[in-house]
Amino acid sequence: MKQTVRRSAATLPAAAVMLAIFWLSSRTSDELDSVLPWFQELFPAMASFNWGHFIAYFVLGLAYAYGFGRHAERLSVKVLIIGLCLVYGLTDEYHQSFVDGRSPDSADLLHDGIGAALGMLLLTFPPVVKRWRRLAV
């Protein structure tokens, strides 16, 4: 019973990140223009890169991995997590089609996938894996 509650609670971070993404996606482009502009100053060559999508799906990937616990160390689970992030990214782009000043963009989906994939890549480095095992449910 205790383990079931703990496993269920492990899914809460992913749900929270998904809610945050949904909320941010419902904002108009004018409202979001002030979010993360300092990334573009740090990396001027990547001014067209969508840092918001990258960071959101990097974090979503890690949150999904937390929900999968130690199973997230397996390559097949990492691929599944990237796929889940991309599916949610598709729903995010669809949602944006209903928001004034926003529209679906395949480049956003690419940035979602890059963020999720780099999150999973981070979980392959031995020092990170060691710390991750302490967190895993």
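The values are calculated or read from the model by the stated rules, or taken from the named source; none is laboratory data. If you're wondering where the values come from, they're calculated on a predicted model, not measured in any experiment. Neighbour counts are summed over all protein chains in view; Cβ atoms, including those assigned to glycine, are modelled from backbone coordinates with ideal geometry.
Identify, please: which residue in segment 1-14 is surrounded by 12 or more Cβ atoms within 10 Å (Cβ to Cβ) and aliphatic (A, V, I, L, M) and is, among those, modelled with the lowest pLDDT?
Step one: list which residues in segment 1-14 are surrounded by 12 or more Cβ atoms within 10 Å (Cβ to Cβ), which gives 7, 10-14.
Imposing the further condition that a residue be aliphatic (A, V, I, L, M) reduces the set to 10, 12, 14.
Working: A10: 84, L12: 92, A14: 95.
Here the residue is A10.
Any residue in segment 14-27 that's farther than 13 Å from Y57 by Cβ: show its pairings with residues that are buried (at least 20 other Cβ atoms within 10 Å of the Cβ) and charged (D, E, K, R) at Cβ separation under 6 Å, as long as the two are six or more apart or on different chains.
The qualifying pairs do not exist here.
With the condition kept exactly as written, say whether any residue in segment 66-74 is surrounded by fewer than 16 Cβ atoms within 10 Å (Cβ to Cβ), part of a helix (DSSP H, G or I) and among the small types (G, A, S).
The first filter runs over segment 66-74 and keeps only residues surrounded by fewer than 16 Cβ atoms within 10 Å (Cβ to Cβ), leaving 70-71, 74.
The next check asks that each one be part of a helix (DSSP H, G or I); those that pass are 70-71.
Filter once more, so that each one left must be among the small types (G, A, S): none.
No, segment 66-74 contains no residue that is surrounded by fewer than 16 Cβ atoms within 10 Å (Cβ to Cβ), part of a helix (DSSP H, G or I) and among the small types (G, A, S).
Is one or more of the residues making up segment 15-34 charged (D, E, K, R), modelled with pLDDT of 85 or more and assigned to a helix (DSSP H, G or I)?
no
Of all residues in segment 78-96 being touching a helix residue (DSSP H, G or I) at 6+ places or on another chain (Cβ under 7 Å) and β-branched (V, I, T), which is surrounded by the fewest Cβ atoms within 10 Å (Cβ to Cβ)?
Ranking the candidates gives I82 first.
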